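The block underneath contains the structure these notes are about, expressed in structure tokens.
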Amino acid sequence: MTLPLRRIPTKLDCTGTKSRTITVRLISMAMTGFYRTMIRPRTHRPLSMLKYDPVVKKKVLFLEATKGGRNK
């Protein structure tokens, strides 16, 4: 009885697939340096929402940061 050969995945096998969701950082527009991390679908628009910023103790606008570190 012989065991079936297992195929070893190569680097080329994994390069074409992308996750359906991405992790994004929402930065406070009160410029306090406070941020929140959320998960959103890759196909959606960039997130923006009103959330509580504990530094200024108010609800402020949070915008999604781009990969370069600047806000859209």
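The values are calculated or read from the model by the stated rules, or taken from the named source; none is laboratory data. These numbers come from a predicted model, not from an experiment. Counting neighbours? That spans all protein chains shown, and the Cβs are built from the backbone with ideal geometry, glycine included.
Things worth noting here:
- Residue-level analysis places Val60 among those that are surrounded by 13 or more Cβ atoms within 10 Å (Cβ to Cβ), among the β-branched types (Val, Ile, Thr) and more than 13 Å from the chain's Cα centre (by Cα).
- Close contacts from segment 1-28, counting a first residue that is under 30 Å from Lys57 (Cβ atoms) and a second that is assigned to a strand (DSSP E or B) and at pLDDT below 90, with Cβ to Cβ under 9 Å and a gap of 6+ residues or different chains, come to Ile27/Asn71.
- Residues located in segment 23-45, provided they are within 11 Å of Ala65 (Cβ to Cβ) and among the charged types (D, E, K, R): Arg25, Arg36
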